[in-house]
Amino acid sequence: MGPLVRTSTCLHLRPRNLQVGFRSSATLAASTLAPPGLHTMASSSVTSTLRVTETPNPLTVDIDVADTAGIVRLLHASDSQMFTGFAGLPHVYSDEMVGKVVRVVRGVEAALRHPHGRIVFSGCGTSGRLAHLTARAYNAWLAKCGAPGASSGVRKFDYLLAGGDAALLMAQESAEDQPTLGRSDILEWQAAQGIPDDAPVVVIGISCGLSATYVGSMLLEVIAGGTTTGGTGTGKPGWMPVVLGFNPVDSVASVRVDKWDTTFHAVMTRMLGGGGGATGDPAAAAAAAAKRCVILNPVTGPETIAGSSRE
């Protein structure tokens, strides 16, 4: 069989040989044939309605016919997209994302220094399990360093996952889609810990596709909770809501979930400064909330091999 050459991704497949070339993110943007939903603005920034996490990766469409060495090279090339970008969208090392990371780090620093400060990771499924592992690892590191309070059992890092600890071993899909569970979990955690609304608390909701209802309802409670699940209260003014995902903001769909009087899209809009509270000047309330919100969404490229346990 002759060589199969895929010039659009600079990928060359041969029966016993595979070579992967690398291009700049700008060239890669052109080589992906301008995916639907990609819009280049007048400035150097790029907006996109493309749900990158749900898109086949053009680098690995032929991974099933590659030999072992070729598969390794394809995995390496796919991983490199985290740092070089995909279709010109902001990546981990972009100035925009580095600036956001700095904001989160400062929030974490304030939480670590304050007696009531905490950092909470939350998520569903794999994201929730990563939240658990991350919190445990950081608490172990603090104890090893002899940080104040670590020896007394105070957990500066904590986690919340849909379905509780049972979800660490078995999927709890029904819990993941309950619109009030994220809100009730963070409120119960706050009451158990005795943390006031004005304490420096960083809540990092992990949702790869920026769509998890559990995460959305929890973040909304932090931003503008206190009255209804729709977020018409004053929220928790000392807390920093952070969402970590890997899709462009413009790709977040406004999809209604049963028994939830808002959407993840509306939560993201609130984090960007849209919407408002029930009291005072809605625009001022929204602007104040946006100042403490961080949307950390570097586009790391499509999955190497797409798939889901729900399919």
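The values are calculated or read from the model by the stated rules, or taken from the named source; none is laboratory data. Since the model is a prediction, treat every value here as computed from it, not as a measurement. Glycine also receives a Cβ, built like all others from the backbone with ideal geometry; neighbour counts cover every protein chain displayed.
Per this entry, Ser122 is not counted among residues that are without any contact (Cβ under 8 Å) to a residue 12 or more places away in the chain, of a type in the set (Ser, Thr, Tyr) and assigned by TED's automatic domain parsing to the domain that holds Pro237.
Among the residues of segment 234-249, is there at least one that is in contact with a Ser or Thr (Cβ under 9 Å, 6 or more places away or on another chain), surrounded by fewer than 17 Cβ atoms within 10 Å (Cβ to Cβ) and either at pLDDT below 95 or among the small types (Gly, Ala, Ser) (or both)? No, every residue in segment 234-249 fails to be in contact with a Ser or Thr (Cβ under 9 Å, 6 or more places away or on another chain), surrounded by fewer than 17 Cβ atoms within 10 Å (Cβ to Cβ) and either at pLDDT below 95 or among the small types (Gly, Ala, Ser) (or both).
Scanning segment 71-90 for residues that are in contact with a Ser or Thr (Cβ under 7 Å, 6 or more places away or on another chain) and surrounded by fewer than 19 Cβ atoms within 10 Å (Cβ to Cβ), we see that the one that is modelled with the highest pLDDT is Leu75.
Restricting attention to segment 27-70, the residues being at pLDDT below 85 and among the hydrophobic types (A, V, I, L, M, F, W, C) number 10. For segment 267-298, enumerate the residues that are in contact with a Ser or Thr (Cβ under 8 Å, 6 or more places away or on another chain) and modelled with pLDDT under 90. Hits for segment 267-298 are Gly275, Gly277, Ala278, Thr279, Ala285.
Residues of segment 184-219 that are assigned to a loop (DSSP other than H, G, I, E, B) and buried (at least 24 other Cβ atoms within 10 Å of the Cβ): Ser207, Leu210, Ala212.
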